[in-house]
1. Below 14 angstrom from the Cβ of GLY24, what's the summed charge of the other residues (Lys, Arg +1; Asp, Glu -1)?
2. Apply the Karplus curve 6.51 cos²θ - 1.76 cosθ + 1.60, θ = phi - 60°, to the phi angles in segment 52-59 and return the couplings in whole Hz, x for Gly and Pro.
3. Tell me, what HN-Hα J-couplings in whole Hz come from the Karplus equation 6.51 cos²θ - 1.76 cosθ + 1.60 at θ = phi - 60° for each residue of segment 13-24, using x for Gly and Pro?
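Computed from the coordinates by the stated procedures, all read-outs in this text should not be read as laboratory data. Remember, it's a predicted structure, so these values are computed and weren't measured experimentally. Here the Cβ positions follow ideal geometry from the backbone for every residue, glycine too, while neighbour counts run over all protein chains shown.
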Amino acid sequence: MRETQFLVVDTLAATVDDLFRKFGARKTARALLLALWRHRQMTNQVSHLSDRMRRDIGLPENEDRLLEARFPLWDIRL
């Protein structure tokens, strides 16, 4: 291991206190929420994919869609 990996890091509470003192509570909270939002957007979501696309990439079909009606009512012609 390198010497830089042996550095002792402050606790999370101490780090957050330093950020609050330096930037203020609003800016720190805003930065935290923005980081969480960006992380949420970066994760891959497959819930919107069709069953055909899910099969193509090797995922099981969506079981929730199997329970949905196959023919919507607006497709019925009178």
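1. +3
2. Listing the rounded values in order: 5, 5, 5, 5, 4, 9, x, 9 Hz.
3. In residue order, the calculated couplings are 4, 5, 5, 5, 4, 5, 5, 4, 5, 7, 10, x Hz.
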